[in-house]
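These notes concern the structure reproduced below.
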Amino acid sequence: MKVTVDQHSGFCWGVVRTVEIAEEELKATPRMYSLGPIIHNPREIDRLAQKGLETISHQDFAQLRGQKVLIRAHGEPPSTYELARKHNITLVDATCPVVTKVQERIRKFHDNGYQVVIFGKKDHAEVIGLVGVTKGDAVVIKSVEETSKVDPARKTVLFSQTTMDKPTFYQIADALRERIKELEVGTFEESAVDFHAKDTICGQVSGRDKKLREFAAKNEVVVFVAGRNSSNGKVLYEICRDTNPRSYLIEDETELKGEWFEERDTVGISGATSTPQWLMERVKLAIENIFQPATV
Ligand code: SF4
């Protein structure tokens, strides 16, 4: 049985950068707090916890005074920075530059009176940060059906959480354009309502679709390694499953099942942008050592 780790999988550069910032800081500070899990991967969180990084919630954060706190790649709303200033907290800002850029663009449109619509999941940390930039004004939608929440009479801009899927983004953009057009026809408006669709889906995620499909098709079985709360992981795993129904999602090697590999010759291991390389290698070893049929 041939087991291959997908070369194009694993940490995106934004997550690599965040982990590097954390590790560098931890060399000088024996203990630092991370506001929320640094990445959606419990195994990597454990590894960094051993180096002194303690994960805290926003409630814990509100109680802290004079400590050092890491802001993870997803970013934070302006209220977090204000609270840190008030409570003498030193922030180590590891927000991914791609997310910072989206925040800046949203701020500009909001300041210019636009209705900001965000395609994303309202409870996702990145979206909470993006909505915070609009002081809570942004409308968050995750499907074409939810475009009914948008006021078509206002000048509008559509952005996306960086890890959402492109086809749905463009379906939402088309649906919004359609609603705006219908309004013009209905009211005999002469000029079109200003509408912009800004595709802010990260290239690190969207660029992977094609390569992942090829990888999933090339292997008889695909083992996808990701934290179950990773939104990017869910999107990428669905792509695997769509291409190859013999795709399985696991958090680590303890979840592997022998029956997946019976009479199979090729196994591919892939992972989310938050899956560390060392974890995929460990899964590979486990498959080779435990599930490899004994040769006589
Ligand atoms: S997926 Fe893109 S936006 Fe998200 S952390 Fe990675 S590089 Fe940054």
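The values are calculated or read from the model by the stated rules, or taken from the named source; none is laboratory data. Since the model is a prediction, treat every value here as computed from it, not as a measurement. Counting neighbours? That spans all protein chains shown, and the Cβs are built from the backbone with ideal geometry, glycine included. Remember, those area values only see protein heavy atoms, side chains included, never the ligands or the DNA or RNA. Shrake-Rupley method; radii C 1.70, N 1.55, O 1.52, S 1.80 Å.
So, in the range 93-108, exactly how many residues are within 13 Å of the ligand (Cβ to nearest atom) and surrounded by 15 or more Cβ atoms within 10 Å (Cβ to Cβ)? Steps first, answer last, please.
Going residue by residue through the range 93-108, those that are within 13 Å of the ligand (Cβ to nearest atom) are 94-103.
Those still in the list that are surrounded by 15 or more Cβ atoms within 10 Å (Cβ to Cβ) too: 94-96, 98-99, 102-103.
Adding up the residues that qualify gives 7.
Anything in the range 20-44 that is of a type in the set (A, V, I, L, M), in contact with a Leu (Cβ under 8 Å, 6 or more places away or on another chain) and open to solvent by 10 Å² or more (accessible area, probe 1.4 Å)? List them, or say none.
Ile21, Leu26
Please specify each residue of the range 111-129 satisfying the condition of being in contact with a Lys or Arg (Cβ under 9 Å, 6 or more places away or on another chain), of a type in the set (A, V, I, L, M, F, W, C) and within 18 Å of Phe195 (Cβ to Cβ).
Filtering the range 111-129 for residues in contact with a Lys or Arg (Cβ under 9 Å, 6 or more places away or on another chain) gives 112-115, 117, 119-122, 125, 127-128.
If we keep only those that are of a type in the set (A, V, I, L, M, F, W, C) too, we end up with 117, 119, 125, 127-128.
Passing the criteria: Val117, Phe119.
How about the range 1-10: which of its residues are open to solvent by less than 60 Å² (accessible area, probe 1.4 Å), in contact with a Lys or Arg (Cβ under 9 Å, 6 or more places away or on another chain) and either under 25 Å from Val235 (Cβ atoms) or free of Cβ contacts under 8 Å to residues at least 24 places away in the same chain (or both)?
Of everything in the range 1-10, those that are open to solvent by less than 60 Å² (accessible area, probe 1.4 Å), in contact with a Lys or Arg (Cβ under 9 Å, 6 or more places away or on another chain) and either under 25 Å from Val235 (Cβ atoms) or free of Cβ contacts under 8 Å to residues at least 24 places away in the same chain (or both) turn out to be Val3, Thr4, Val5, Asp6, Ser9.
Would you say Thr90 is among the β-branched types (Val, Ile, Thr), open to solvent by 20 Å² or more (accessible area, probe 1.4 Å), more than 14 Å from the ligand (Cβ to nearest atom) and touching a Pro at 6+ places or on another chain (Cβ under 7 Å)?
Judged against the criteria, Thr90 is not a match.
Please determine, by comparing only the residues of the range 237-269 that are touching a residue at least 60 places away in the same chain (Cβ under 8 Å) and closer than 19 Å to Ser9 by Cα, which one is surrounded by the fewest Cβ atoms within 10 Å (Cβ to Cβ).
Thr266
Give me a count of the residues in the range 191-235 that are modelled with pLDDT of 85 or more, open to solvent by less than 30 Å² (accessible area, probe 1.4 Å) and within 16 Å of the ligand (Cβ to nearest atom).
Restricting attention to the range 191-235, the residues satisfying the condition of being modelled with pLDDT of 85 or more are 194-203, 210-228, 233-235.
Add one more test, that the residue is open to solvent by less than 30 Å² (accessible area, probe 1.4 Å), and what stays is 200-202, 212, 215-216, 219, 221-227, 233.
Keeping just the survivors that are within 16 Å of the ligand (Cβ to nearest atom) gives 200-202, 212, 226-227, 233.
Selection size over the range 191-235: 7.
Spot the failing condition for Arg154; the list is (1) more than 16 Å from the ligand (Cβ to nearest atom); (2) in a helix (DSSP H, G or I); (3) out of contact with any Lys or Arg (no Cβ under 8 Å at 6 or more places or on another chain), and only one is missed.
(2)
Of everything in the range 211-236, what is touching a residue at least 60 places away in the same chain (Cβ under 8 Å) and part of a strand (DSSP E or B)? Give them in sequence order.
Passing the criteria: only Val223.
Pick out the one residue from Ile290, Ile269 that is in contact with a strand residue (DSSP E or B) (Cβ under 6 Å, 6 or more places away or on another chain) and either among the aromatic types (Phe, Trp, Tyr) or under 16 Å from Val3 (Cα atoms) (or both).
Step by step, each of Ile290, Ile269 is checked, and only Ile269 is in contact with a strand residue (DSSP E or B) (Cβ under 6 Å, 6 or more places away or on another chain) and either among the aromatic types (Phe, Trp, Tyr) or under 16 Å from Val3 (Cα atoms) (or both).
Does Val283 satisfy the condition of being assigned to a helix (DSSP H, G or I) and touching an Asp or Glu at 6+ places or on another chain (Cβ under 6 Å)? Write out each step before concluding.
Values: assigned to a helix (DSSP H, G or I): yes; touching an Asp or Glu at 6+ places or on another chain (Cβ under 6 Å): yes.
Against the criterion (assigned to a helix (DSSP H, G or I) and touching an Asp or Glu at 6+ places or on another chain (Cβ under 6 Å)), Val283 qualifies.
When the range 157-171 is examined, which residues are found to be within 16 Å of the ligand (Cβ to nearest atom), out of contact with any strand residue (DSSP E or B) (no Cβ under 6 Å at 6 or more places or on another chain) and open to solvent by less than 50 Å² (accessible area, probe 1.4 Å)?
Across the range 157-171, the qualifying residues are Gln161, Thr162, Thr163.
Conditions first: (1) aromatic (Phe, Trp, Tyr); (2) open to solvent by 50 Å² or more (accessible area, probe 1.4 Å); (3) modelled with pLDDT of 95 or more. Trp278 passes all but one, so which condition is the exception?
(3)
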